[in-house]
Amino acid sequence: MDIRRMKKYIKKNLSKKRYEHSLGVEHAALKLADKHNCDLVKVQVAALLHDCAKNFTNEELLKYMSQVSIEEKDIYYKQPQLLHGFVGSIIAQVNFGIKDDDIINGIRYHTTGRENMSLLEKIIYISDYIEPNRVFKGVNELREIVEMDLDLGVLEGLNRTIKHTIDKNELIHTLSVNARNYILANIK
Ligand SMILES: [Fe+2]
Ligand SMILES: [Fe+2]
């Protein structure tokens, strides 16, 4: 896997801010991967490519709708940007020859989460939230929770996203609801 080519691609295709965010996610994710004994190379690839379709317009994202399951179509028509993870996972496969399911799913579900996420998926999901460039009220508290317990951190991230989505009166993706319920029901 050609990490240099991936970095070059995201540098060229993403805004400067989004490129730096991607490097921030790489940094945060590698730190967590090291701590939790997750495959470092897989985590690095998923982190670098997680937002690789973030520059796509709504129109470009919607071209991929034929590959989305019927139940999910409604929400994507209303909020096409929710598709950037799914489309990113396709770009990772087509442009970079990624075949590893864990990497593909890490990219695919990084915005919504999903039920029964793998360790890599959790690491990418929460690193997207807490990478060093992120500044929002409560980010340091969230970093502390992640440091203490990864699952609690992911739960807190999902809670924040769902609350924020309600505040904006937008549709909540069922994947996020399922992710939250699963993690809450299984927490030790
Ligand atoms: Fe994203
Ligand atoms: Fe991101």
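Values quoted throughout were computed directly from the atomic coordinates according to the rules given, and no laboratory measurement underlies them. Just so it is clear, the model here is predicted, and its values are computed rather than measured. Cβ atoms come from the backbone with ideal geometry, glycine included; neighbour counts cover every protein chain shown.
At a glance:
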{"item": "Share of Cα-Cα pairs in the chain lying beyond 28 Å, as whole percent", "result": "19"}
{"item": "Magnitude of the charge dipole, the chain, Cβ model with Lys/Arg +1 and Asp/Glu -1, debye to 20", "result": "680"}
{"item": "Burial ranking of peptide ranges 160-171, 3-14 (average Cβ count within 10 Å, highest at the top)", "result": "3-14, 160-171"}
{"item": "Nearby aspartates and glutamates by direct alpha-carbon distance to K16 (threshold 15 angstrom, same-chain neighbours under 8 apart not counted)", "result": "D51"}
{"item": "Whichever lysines have a C-alpha closer than 18 Å to that of K99, once near sequence neighbours (fewer than 8 apart) are set aside", "result": "K42"}
{"item": "Estimated FRET transfer efficiency (V139, K16; beta-carbon r; R0 30 Å; 0.05)", "result": "0.90"}
{"item": "Square roots of five times the Cα gyration tensor eigenvalues for segment 1-86, Å", "result": "27, 16, 11"}
{"item": "Distance between segment 115-188 and segment 37-77 - C-alpha centres, whole angstrom", "result": "18"}
{"item": "Stokes-Einstein diffusion coefficient of segment 109-185, Kirkwood radius over Cα pairs, 10 °C, 1.306 mPa s, in µm²/s", "result": "128"}
